[in-house]
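Asks: First the structure, which I've put down as structure tokens, then a few questions once you've had a look.
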Amino acid sequence: MSLTFHWFLPTNGDSRHVVGGGHGTPATAFGRNRPPTVAYLSQIARAAEDLGFVGVLTPTGAWCEDAWLTTAMVSQHTERLKFLVAFRPGFVSPTLAAQMASTFQRQTGGRLLLNVVTGGESHEQRAYGDFLDKDARYRRTGEFLQIVRDLWEGKTVDLSGEHLQVEDARLARVPDPVPEVYFGGSSPIAGEIAARHVDVYLTWGEPTAQVAEKIAWVRGLAAKEGRTVRFGIRLHVITRDTAEQAWTEAHKLLDGFDPDTVKSVQAGLARSESEGQRRMLALHGGNREDLEIHPNLWAGIGLVRGGAGTALVGSHDEVAERIKEYHALGIDEFVLSGYPHLEEAYWFGEGVLPRLAAQGLWQHPFAPTSAPAAQVPFTS
């Protein structure tokens, strides 16, 4: 099975520095270096498409541009790239969301993937008019996905749930293909929802032992539901011709972290109700020292950014080896990013992907089947 790689659209802005934001914290000033215009995001998207990334993730929240609208516009500047659109079930009715997804599929030729984000920050949810607590939000997500999936199957849906109610709901046209549903969450109730409803379970980049535990947990829950799910991981990357060059880039990013900004961001993230965010914070404890928490796994990003806070750092060969380690655990999809996103896409796409292709672990998803295998590029 060929590994699947996705890139990231920085709809909160891009920079040669780490752009913060997420989980209730605002985007940092560095995001103004490269504003998230449709022209710039389309440039990243076209690069990702050419390099062999299957899709691009777009985030959701008050700290970034709206994912639905942005990807709809950027899709018109690409041909085959898919869009992993993050959205929060509590903000849109399930029938309308099912209809939006169906429209997106038809207008883009089937290039929508959905990343369901339940929302781990009550204070941010309340700003959007959502006053449920965290567990209630997850139960609502379960009802939401039940309705949406039934609608996508062409069913007429009547449901009177704890949080959602629809009557005689149906779609005039169902999506073709049906979008795959991606989902992440580390709390017990998140695991239950994943086991019942999702296609791909996403985890943030933790050391391999912790990732293995999470995969076994979700796989076991899914088996009890008579289902199987695939697994993906969300990571940043800093990959160069040599390890020394890569770590120089990582240290350069770290040197750009203003102590006051780190303190402010860490205080904001400490309020998070997200179990996944708590696990990210525990990897570095707000400390600038000892940030390589596993071979080639660096926790420095999480000092100034919410959500995914770790990066694979090393030579192209080392990064390829770490990817193989995660794959051996059961990870088949990798959702990656790097600063700045345009340049870093090329570093990974031209440095790591050919090495994985040479080992039979990856093939360009848009290349003709008769195309010769990719060769490892010459480096000096």
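The values are calculated or read from the model by the stated rules, or taken from the named source; none is laboratory data. All figures in this text were calculated on a predicted structure; none of them were measured in a lab. Using ideal geometry, Cβ is built from the backbone for each residue, glycine included, and neighbour counts are taken over all protein chains shown. Surface areas here come from the heavy atoms of the whole protein model, side chains and all, with no ligands, DNA or RNA. Shrake-Rupley method; radii C 1.70, N 1.55, O 1.52, S 1.80 Å.
Asks: Kindly check whether there is at least one residue in the stretch 58-65 that is open to solvent by 10 Å² or more (accessible area, probe 1.4 Å), over 30 Å from Asp260 (Cα atoms) and at pLDDT below 95.
Replies: The answer is no; no qualifying residue exists.
Asks: Here's something else I'd like to know. So in the stretch 238-253, with the set limited to residues that are surrounded by fewer than 17 Cβ atoms within 10 Å (Cβ to Cβ) and of a type outside the set (Lys, Arg), which one is nearest to the chain's Cα centre (by Cα)?
Replies: Looking at residues that are surrounded by fewer than 17 Cβ atoms within 10 Å (Cβ to Cβ) and of a type outside the set (Lys, Arg), I get His251.
Asks: For the stretch 144-156, which residues satisfy the criterion of being in contact with a strand residue (DSSP E or B) (Cβ under 7 Å, 6 or more places away or on another chain) and either over 25 Å from Gly191 (Cα atoms) or without any contact (Cβ under 8 Å) to a residue 24 or more places away in the chain (or both)?
Replies: Once the filter is applied, which keeps residues that are in contact with a strand residue (DSSP E or B) (Cβ under 7 Å, 6 or more places away or on another chain) and either over 25 Å from Gly191 (Cα atoms) or without any contact (Cβ under 8 Å) to a residue 24 or more places away in the chain (or both), the stretch 144-156 yields Asp150, Thr156.
Asks: Quick check on this structure: which one of Arg196, Arg227, Arg219, Arg234 is open to solvent by 10 Å² or more (accessible area, probe 1.4 Å), farther than 22 Å from Val56 by Cβ, not small (Gly, Ala, Ser) and not in a helix (DSSP H, G or I)?
Replies: Going through Arg196, Arg227, Arg219, Arg234 in turn, the sole match is Arg227.
Asks: Report, ordered by the first and then the second residue, all pairs with beta carbons closer than 9 Å, sequence separation of six or more or different chains, a first member in the stretch 211-224 that is closer than 15 Å to Glu325 by Cα and of a type in the set (Val, Ile, Thr), and a second member that is open to solvent by less than 40 Å² (accessible area, probe 1.4 Å) and in a helix (DSSP H, G or I).
Replies: Once the first residue is closer than 15 Å to Glu325 by Cα and of a type in the set (Val, Ile, Thr) and sits in the stretch 211-224, its partners that are open to solvent by less than 40 Å² (accessible area, probe 1.4 Å) and in a helix (DSSP H, G or I) give Val211/Tyr326.
Asks: In this structure, is Val116 in contact with a helix residue (DSSP H, G or I) (Cβ under 8 Å, 6 or more places away or on another chain), aliphatic (A, V, I, L, M), without any contact (Cβ under 8 Å) to a residue 60 or more places away in the chain and closer than 30 Å to Ser264 by Cβ?
Replies: Answer is no for this residue.
Asks: Related question: Out of Gly286, Gly306, Gly302, I need the residue that is in a loop (DSSP other than H, G, I, E, B) and closer than 15 Å to Gly338 by Cα. Which one?
Replies: On inspection, the qualifying residue turns out to be Gly306.
Asks: Is at least one residue of the stretch 60-77 part of a loop (DSSP other than H, G, I, E, B) and touching a Pro at 6+ places or on another chain (Cβ under 7 Å)?
Replies: Scanning the stretch 60-77, I find at least one residue that is part of a loop (DSSP other than H, G, I, E, B) and touching a Pro at 6+ places or on another chain (Cβ under 7 Å), so the answer is yes.
Asks: Another question, if that's okay. Phe257 fails exactly one of the following numbered conditions: (1) surrounded by 19 or more Cβ atoms within 10 Å (Cβ to Cβ); (2) of a type outside the set (A, V, I, L, M); (3) under 20 Å from the mean Cα position of the chain (by Cα); (4) over 17 Å from His327 (Cα atoms). What is the number of that condition?
Replies: So the condition that Phe257 fails would be (3).
Asks: Exactly one condition in (1) out of contact with any strand residue (DSSP E or B) (no Cβ under 7 Å at 6 or more places or on another chain); (2) open to solvent by 70 Å² or more (accessible area, probe 1.4 Å) is not met by Gln165; state its number.
Replies: Going through the list (1) out of contact with any strand residue (DSSP E or B) (no Cβ under 7 Å at 6 or more places or on another chain); (2) open to solvent by 70 Å² or more (accessible area, probe 1.4 Å), Gln165 breaks only (1).
Asks: Right, something else. Hey, can you tell me all the residues within the stretch 19-42 that are surrounded by 23 or more Cβ atoms within 10 Å (Cβ to Cβ) and of a type in the set (A, V, I, L, M, F, W, C)?
Replies: Val19, Leu41
Asks: Another one. Considering each of Tyr201, Tyr182 in turn, give the residue that is under 20 Å from Phe144 (Cβ atoms), out of contact with any helix residue (DSSP H, G or I) (no Cβ under 9 Å at 6 or more places or on another chain) and either open to solvent by less than 30 Å² (accessible area, probe 1.4 Å) or modelled with pLDDT under 95 (or both).
Replies: One residue alone meets the criteria, Tyr182.
Asks: Another question about this same structure. Scan the stretch 7-15 and give yes if some residue there is part of a helix (DSSP H, G or I), of a type in the set (Gly, Ala, Ser) and surrounded by fewer than 23 Cβ atoms within 10 Å (Cβ to Cβ), otherwise no.
Replies: No - not one qualifying residue is present in the stretch 7-15.
Asks: How many residues, within the stretch 343-372, are assigned to a loop (DSSP other than H, G, I, E, B), at pLDDT 95 or above and open to solvent by 20 Å² or more (accessible area, probe 1.4 Å)?
Replies: 7
Asks: Please identify the pairs in which a residue from the stretch 274-288 that is touching a residue at least 40 places away in the same chain (Cβ under 8 Å) and surrounded by 15 or more Cβ atoms within 10 Å (Cβ to Cβ) has its Cβ atom under 8 Å from the Cβ atom of a residue that is assigned to a helix (DSSP H, G or I) and among the polar types (S, T, N, Q), counting only partners at least 6 apart or on another chain.
Replies: Pairs that qualify, where the first residue is touching a residue at least 40 places away in the same chain (Cβ under 8 Å) and surrounded by 15 or more Cβ atoms within 10 Å (Cβ to Cβ) and the partner is assigned to a helix (DSSP H, G or I) and among the polar types (S, T, N, Q), are Arg279/Gln210.
Asks: Inspect the stretch 52-63 for any residue being farther than 29 Å from Ala136 by Cβ and without any contact (Cβ under 8 Å) to a residue 60 or more places away in the chain and give the result as yes or no.
Replies: Yes: the stretch 52-63 contains one or more residues that are farther than 29 Å from Ala136 by Cβ and without any contact (Cβ under 8 Å) to a residue 60 or more places away in the chain.
Asks: Check the stretch 282-289 and report whether any residue there is closer than 23 Å to Glu192 by Cα and in contact with an Asp or Glu (Cβ under 8 Å, 6 or more places away or on another chain).
Replies: No, because not a single residue in the stretch 282-289 is closer than 23 Å to Glu192 by Cα and in contact with an Asp or Glu (Cβ under 8 Å, 6 or more places away or on another chain).
Asks: Tell me which residues, restricted to the stretch 289-302, are at pLDDT below 95 and surrounded by fewer than 21 Cβ atoms within 10 Å (Cβ to Cβ).
Replies: Selection gives Glu289, Asp290.
Asks: Would you mention how many residues in the stretch 106-124 are more than 20 Å from the chain's Cα centre (by Cα), assigned to a helix (DSSP H, G or I) and within 25 Å of Val335 (Cα to Cα)?
Replies: 3
Asks: Does Glu333 qualify as being in contact (Cβ under 8 Å) with a residue 40 or more places away in the chain, out of contact with any Cys (no Cβ under 7 Å at 6 or more places or on another chain) and more than 30 Å from Gly220 (Cα to Cα)?
Replies: no
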